[in-house]
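Data block below; observations after.
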């Protein structure tokens with residue numbers, strides 16, 4: 001056997017591709033992503049805190065992101081987290097939705113507000129042409 005033949009045969013063994021996948025870095029990345037999602041998920045429901053009335057009904061399914069109008073116990077109005085006045089509510093809604101009157105609008109009113117005050121806002125919205133207006137409530141915990 002020739003010395004050159006041995007040299008080429010050992011070189012071919014050194015450059016053989018690895019056939020196994022190292023899953024340790026993959027698991028590390030997946031755990032980091034899981035932790036990030038667990039931390040950020042509760043932050044997605046930020047906004048103005050109000051005490052919602054309780055109900056036993058189920059939530060409605062929907063594809064698009066709804067517009068949330070919040071009414072605090074002292075009568076302040078918010079769209080998202082932006083304070084607005086009752087007089088500019090429709091102008092602001094029209095600016096957000098454009099000509100799309102099929103947008104979902106959720107009214108989130110504090111339970112201490114009178115029924116009449118909440119219905120005035122909902123009536124104002126529906127009379128301006130919006131058809132998908134709903135009142136948000138808390139679900140009753142089953143015992």
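Hey, among the residues in the stretch 31-49 that are within 12 Å of the chain's Cα centre (by Cα) and exposed (fewer than 10 other Cβ atoms within 10 Å of the Cβ), which one's modelled with the highest pLDDT?
Residue satisfying both the conditions and the ranking: 40.
Here's the yes/no breakdown for (1) under 22 Å from residue 49 (Cβ atoms); (2) in contact with a strand residue (DSSP E or B) (Cβ under 9 Å, 6 or more places away or on another chain); (3) in a strand (DSSP E or B):
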{"site": "70", "(1), (2), (3)": "yes, yes, yes"}
{"site": "78", "(1), (2), (3)": "yes, yes, yes"}
{"site": "83", "(1), (2), (3)": "yes, yes, yes"}
{"site": "100", "(1), (2), (3)": "no, no, no"}
{"site": "112", "(1), (2), (3)": "yes, no, no"}
{"site": "117", "(1), (2), (3)": "yes, yes, no"}
{"site": "124", "(1), (2), (3)": "no, no, no"}
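Go over the candidates 84, 69, 99 one by one and state the one that is at pLDDT 85 or above and under 19 Å from residue 132 (Cβ atoms).
69
The values are calculated or read from the model by the stated rules, or taken from the named source; none is laboratory data. All figures in this text were calculated on a predicted structure; none of them were measured in a lab. Neighbour counts are summed over all protein chains in view; Cβ atoms, including those assigned to glycine, are modelled from backbone coordinates with ideal geometry.
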